[in-house]
Structures are given as C-alpha cells and as structure tokens.
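J.: Mind having a look at this structure? Questions to follow.
None of the figures in this text is laboratory data; all of them are computed from the coordinates on show. In this text, all values refer to a predicted model and were calculated from it rather than measured experimentally. Note that each Cβ is placed from the backbone with ideal geometry, even for glycine, and that neighbours are counted across all protein chains shown.
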Amino acid sequence: MKSLIAFFDFDGTITKKDSFLELIKFQKGKAIYLLGFILYSPVILGYKLRLFSGHRTKSLVFSFFFKNTSILEFEAKCDQFALSILPGLIRPKALNEINRLTSLGAKIVIVTASSPAWISPWSDPLHIYTIGTNFSKLDGKLTGAIEGRNCNGEEKVNRIKEKFDLSQFSEIYVYGDSSKDKPMMSLSNVHFMKTFR
C-alpha cells in the first residue's frame with residue numbers, strides 16, 4: 001500500500017464557521033465579542049484591504065480578548081469549547097473523508113491559522129495531528145502575542161516541512177478553501193478546494 005499523508009485546512013474546510021471567532025464568543029460572551037470587533041473594525045477593514053497582515057491583525061484581536069488571561073483558565077475553556085461546541089461546527093462530509101482516509105492508513109494532519117489549544121482536544125482522540133498558531137506565555141499568563149508566526153499561507157508550508165519529511169510519502173493530499181491554502185497545495189500530488197460544502 002502506498003504511504004499517504006493528507007493535510008487539511010481547518011476553518012472553512014473542516015468547519016462551517018471560523019473556530020477562533022466562535023471560541024471568543026464562547027469564552028467572553030457575545031457582548032464583549034461585539035464590543036471588541038467594533039473597537040477593532042478599522043484594523044479588520046485594514047486587513048481586508050491588505051493594509052495589515054493576518055499576523056498583525058490576529059495578534060491585536062487576540063491581545064484585546066486574552067492578554068493577561070491565566071493559561072490554566074484559557075486552556076480549560078478551550079477544552080470545554082472543543083468538546084461541547086466544536087463538534088457542531090464540523091462539516092459531516094469532511095469528517096467522513098477523514099474517516100475514509102484513516103481507514104486506508106493515511107496520516108491526517110490539520111494545518112491551520114487557528115490554535116491547537118482549542119482543536120487538539122477534539123482532533124487528538126481521532127489520531128489527527130494538528131499544526132497551528134501558538135500564543136506566547138509568561139508567568140502563567142498569556143501575553144497576548146503570537147509565538148513565532150501566524151500559521152497561514154507560506155507559513156503553512158514552512159511548518160509542514162519542519163514536521164515531516166515529505167519524501168517518505170508517495171501520495172500527498174491537501175484540502176483547503178481559500179487562496180491562503182494554495183502554497184500548501186503546491187506540496188501535493190492531489191488537492192481539493194471547497195470539497196465539503
């Protein structure tokens with residue numbers, strides 16, 4: 001049997017909604033969520049107009065909601081989110097494809113701009129490895145900054161190559177839903193765009 005590895009984008013590909021935004025609502029409530037996005041609407045507009053990078057935008061938004069949050073509190077709520085909310089956001093067709101590939105012996109990897117903090121509690125029991133954006137910590141609290149780079153676009157390729165020797169796989173599948181997944185798709189033998197809608 002050929003060795004197969006499959007890389008999946010997460011938000012919009014496996015999920016119906018952006019998990020980062022849903023996590024904020026879950027942890028902070030809708031009122032604070034709306035307030036934050038009203039205050040940061042100029043930054044978000046700047047991102048849409050390509051005046052701000054995704055890294056800068058995410059760092060500012062994350063800092064507003066989570067700077068100085070206890071790591072233990074944040075991670076406990078991420079676990080709750082992953083187990084109680086995230087399953088309802090998963091596209092059934094995406095999960096079916098993951099299960100099909102797993103039955104063929106494929107290695108399944110999520111590569112996402114979101115964080116393993118709120119994905120891994122869901123993905124680990126399914127034997128899915130997660131690569132994502134991490135957030136810096138100091139003295140038991142979140143600093144509000146991104147650790148390293150936001151895992152999107154070309155950074156997805158960098159992170160994949162850090163973790164895997166792709167020459168060991170005869171088949172490489174990539175599943176995505178946006179132009180930011182195209183660099184990752186360049187690694188593949190076979191790729192799929194917006195497959196599960």
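J.: Can you put 23, 83 in order, fewest other beta carbons within 10 Å first?
T.: Lowest count first: 83, 23.
J.: For a label point 7 angstrom out from the Cα of residue 167 toward its Cβ, which stretches of the stretch 2-23 have the backbone nitrogen within less than 20 Å?
T.: Inside the label zone: 2-6.
J.: Within 15 Å, Cβ to Cβ, of residue 144, how many net charges do the neighbouring residues add up to if Lys/Arg are +1 and Asp/Glu are -1?
T.: +3
J.: Using alpha-carbon positions, what is the distance between the centroids of the stretch 119-168 and the stretch 77-110, in Å?
T.: The stretch 119-168 and the stretch 77-110 have Cα centres spaced 17 Å from each other.
J.: Using Cβ counts within 10 Å as a stand-in for footprinting exposure, how do 193, 184 rank, fewest first?
T.: Starting with the residue having the fewest Cβ neighbours, the order is 193, 184.
J.: What percent do you get for the relative contact order of the stretch 1-154 when only Cα pairs under 8 Å and 6+ apart count?
T.: Relative contact order for the stretch 1-154 comes out at 32 percent.
J.: Moving on to the next point. In deg cm²/dmol, rounded to 500, what helix-only [θ] at 222 nm does the chain give when every DSSP H run of at least 4 residues adds -39500 (n - 2.57) and the total is split over its residues?
T.: -13500 deg cm²/dmol
J.: Of 94, 37, 64, whose Cα points farthest to the positive end of the dipole of the stretch 29-98 (charges on the beta-carbon: +1 Lys, Arg; -1 Asp, Glu; origin at the Cα centre)?
T.: Final value for the positive-end residue is 37.
J.: Kindly list the residues of the stretch 153-197 that lie in the label zone of residue 49, defined by a backbone N under 16 Å from the point 7 Å along the Cα-to-C-beta vector.
T.: From the stretch 153-197, the list is empty.
J.: Given 58/141; 30/67; 28/107; 77/156, which pairs have Cα atoms separated by over 29 Å?
T.: Pairs exceeding the cut-off: 28/107.
J.: What's the magnitude of the charge dipole for the stretch 4-193 around its Cα centre, counting Lys and Arg as +1 and Asp and Glu as -1 at the beta-carbon? Answer in Debye, nearest 20.
T.: 540 debye
J.: If you don't mind, there's one more thing I want to ask. Using alpha carbons only, how many degrees (0 to 90, rounded to 10) separate the axis of helix 154-163 from the longest principal axis of the chain?
T.: Long axis of 154-163 versus the principal axis of the chain: about 60 degrees.
J.: Can you give the charge dipole size of the stretch 1-57 about its Cα centre, rounded to the nearest 20 debye, using +1 on the beta carbon of Lys and Arg and -1 on the beta carbon of Asp and Glu?
T.: 80 debye
J.: Using a Förster distance of 25 Å, how high is the FRET efficiency between residue 70 and residue 124, based on the Cβ-Cβ distance and rounded to 0.05?
T.: Efficiency, rounded to the nearest 0.05: 0.65.
J.: Calculate how steeply helix 92-103 sits against the longest principal axis of the alpha-carbon atoms of the chain, using the helix alpha-carbon long axis, and give the answer as 0 to 90 degrees to the nearest 10.
T.: That works out to roughly 50 degrees.
J.: Okay, moving on. To the nearest 20 debye, what charge dipole does the stretch 79-188 have about its Cα centre, counting +1 at the Cβ of each Lys and Arg and -1 at the Cβ of each Asp and Glu?
T.: Here the size comes out at about 140 debye.
J.: Mind sorting 186, 63 by how few other Cβ atoms lie within 10 Å of their own Cβ, fewest first?
T.: Result, fewest neighbours first: 186, 63.
J.: Please compute the contact order of the stretch 80-197 in relative form: average sequence separation of alpha-carbon pairs under 8 Å and at least six residues apart, divided by the residue count, as a percent.
T.: Relative contact order comes out at 19 percent.
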